[in-house]
């Protein structure tokens, strides 16, 4: 079946039952999509599907037919990523890094919907992404800074 | 603020944020065999038979018979087997590994293996155990006289539960045999621990083993010792297969079968005279699980901390680590300290309550000062800044006023409480461990092109060590970062600077790097290849300490903390809403402010979880029931939205630029602050963590009935 | 290797449902937790007839393929359902999970199903040749057992157009986000001309099936607030007897205490 992956159309020939997470990592070698739990609880596997944040471990390929999927690898070439990663860097929000690709994509989805979110809205937007290192403050700050600095991008 | 504290962009920021950082599971699996462990389903049994089906070509089973060296994993002692022998001692003990080219097929084979057990009686509760792995006693003063002379004696028992580290990246190792050597890389804290374990299991000379740390997605102590077991198993499998073998845990097996924080039972008997605590008689039991692993050292730290930040002149401390047929307990941030700090802080608070004094005022009467004797008759050689830190926290969260207000009887639907906790973390390895056991060596190697290579065995697991080590070397040599190279350690390339544990890396190894850099600066010759090696030297001021007599300076210095938690409960549901979590932390000079604050905030959050929502429940057979992230609950971004970490600086002259151990401190004392707040809100004394909404509701209903 | 199917229309989906043994796959957020290998899925995500949210004279009609996010963002969906949808999982789960899946899981913990119980909503079930409208209460036969025939799909949920503006909803989880429900309670009090014309309560996560006792709630029907206050004790006693929570990792005592507390609060808030 056909879907669009990081801007390119791909013709997937495997099982429709395969987990999107596994296919992205193993077949397309997009290892920036992390596996933390395989039960939709941690958000490490987050990707953007048709403009929405989803857990790729919760998606069988059949569900993704015709969809547009963006992983951290595809997103990291964008201007918005540059603003976000600079913001994350400025507050050292990246500790072990495992939650971060998911957090970055969650950040994008927050700002895409709401370019000037309140702190509560930011916290709600990342509430499905677990982090064990930071206590979340630095990540929330990073998103707030990106919103301030990303003038017009979102 | 010291110039070194000024935050920089972390040197591993870019690969991690862009998703290009390679964690062990990210490496290509081409030509690599998958390994899956088969675990015991019994808490204790004799292994009668293991029925392996006929295996397809390319698939093999690896067990105790395939261990070329010794079937022992060296972790302090050697009782942990690589693969189970005659008996299994806990649910989750690895019996064998199935290895093969297709992951699904490997899993199917593993599930089809039938194990015949002969049940043996199992001990699941530490109260029922009569196997004492470790037993320590120490004391000072005249405890009998103090109790005889006392006005009042108070006794109470405190319990703490298991806590799972929940590093976001699960355990994983890849072992690759090549050219008569074995290279193992993976997620780890201590490459040289693994090096020793793998060499022992394979029966190899040390030079034939190479251990490389991959980018590690969190550890918190959970990857201090456990990886040695997994690495030994994976290496043995790769040795037998003659091909690379990869084992990456799924979340369920990681949660069920890897090491967790020791559950504890702490019994305190306290003598009070003239409104002050004059003596403490403390009995501590830690649940070591089925094998000894790190329990000796965890227990040591726990009992050293057991009289808290207080100057208690008459002390008797007895500690035991006992065996139960459960997953062996291991290291978790705080390493035995959180358990006894919970107990001592709650004890002090309860005694204060019985004496009719507010807990903070009572505690303040006993705080140790510079020059006072420590619990083990060492000395606090440096200032104890707790009084100032208490004031900082008070100012930040209006503690004293709220304490008074919330102490009044509350009858509404929503009830509030606020609690405070005073604690320390002894920085560095306990006692003479650094000098006698670790003997750290750090190296810097300037190549002729003027690039400085930083060579230590210490690992960055998120706490920013690659960056802070770089900053130290850069500052001392006055070089820009792009002239300094530091990589995740490879035992072929780095000396053994000791494990990344005990909050020692910055304080001990960072200082070695600083000295090495200072030396290099003095003798720098352009165009020349120069290597400086620096060996650990025990500070002069230390009063010698050994485990045999438990007397002297257990730690060279202490990192100090004050934590406060304010919460509000809903009496209709028992749910607690944490209104604020605050901490003031003295870890000496922060080598990077954002990094240190980030560590403090993370630890505060883990402490709230430990006190409340993080519960491990086992069934009557000992099987852990909540083995996934929907059932083992850690805080999300919406759970503690008001989290404040303050930094207080008391420089430690022997640490680099005045830095002290920082990694563990923040989590250690948070639960007592949470529980004190909860007690105030629901109007009862509490003596255990975790304390859940259910526990709250039970208390409220009992109070209602009265 | 089994075949799975992606249906492009309702008609195609129902035909496959008749001809093959398939597991209907909406958002996948429940199914993908176990994800056995040898199952044949029928992917419903592309079926337009299941994605509509409309209203007619009697009902708000919610397509079973609507995600929790779509529910929250729709101007036609009443607040009571939005509240429940907003509490499901986290943002990523809400973007994928469907209201049909929430009902079709047969779980007493299902957040939206609780609201459908409290509002006495109906399900529109279709097979290739047949359609039936079933009150949601009749759809649940026991724990994880639903009255869905092997050739049927849940196509729409029919909520009454109005009458639940005055509602009470509380979900008790273990934390503030991504929390599986431990106790949940939804209640509606509709008063006109000084008399209660509908008192509806539903308790989730405490028993094998969501507890909906229209007969007990009927004690309130037709009464003024003052009259209702006089039967308050009898009403509470009836529910005290009716709610027998099962014990799991969360104790029955806790669940019972919370249910009764919330029920009392609901009455208090309505002056009863």
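Tabulated data for the structure shown
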| quantity | calculated |
| --- | --- |
| On Cα atoms only, tilt of C:225-242 relative to the major axis of chain C in degrees | 60 |
| Shape category assigned to chain B from the gyration tensor of Cα positions, a/c cut at 1.5 | oblate |
| Segment A:76-149: C-alpha gyration tensor shape, a/c 1.5 cut-off, then a/b vs b/c | rounded |
| MRE, 222 nm, helices only [DSSP H, n ≥ 4, -39500 (n - 2.57), over chain C, to nearest 500] | -9500 deg cm²/dmol |
| Computed over segment B:142-214: relative contact order in percent, which uses C-alpha pairs under 8 Å that are six or more apart | 25 |
| Computed [θ] at 222 nm, helices only, for chain A once each DSSP H run of length n ≥ 4 contributes -39500 (n - 2.57) | -9500 deg cm²/dmol |
| 222 nm mean residue ellipticity, helices alone, for chain B (DSSP H n ≥ 4; -39,500 (n - 2.57); rounded to 500) | -8000 deg cm²/dmol |
| Neighbour-count ranking [beta-carbon atoms within 10 angstrom, fewest first] of B:366, B:535 | B:535, B:366 |
| For residues of B:638-651, the mean tally of beta carbons on other chains within 10 Å | 3 |
| Gyration tensor verdict on segment A:31-81 (Cα atoms; rounded if a/c is under 1.5, prolate if a/b is larger than b/c, oblate otherwise) | oblate |
| Top of C:181, C:229, C:207 by mean-square fluctuation, Gaussian network on chain C, Cα under 10 Å | C:229 |
| Mean Cα-pair separation over length for segment C:144-272, i.e. relative contact order, pairs under 8 Å, 6 or more apart, % | 19 |
| Taking chain B and dividing mean pair separation by its residue count, relative contact order in percent (alpha carbons under 8 Å, at least six apart) | 16 |
| Residue mean of other protein chain beta carbons inside 10 Å, A:102-110 | 2 |
| Least to most buried among B:447, B:374 (fewest other Cβ within 10 Å first) | B:447, B:374 |
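Throughout, read-outs are computed from the coordinates displayed, never taken from laboratory work. Just so you know, these numbers come straight off a predicted model, no measurement behind them. Because the Cβ atoms are built from the backbone with ideal geometry, glycine has one as well, and the counts that use them run over all protein chains shown.
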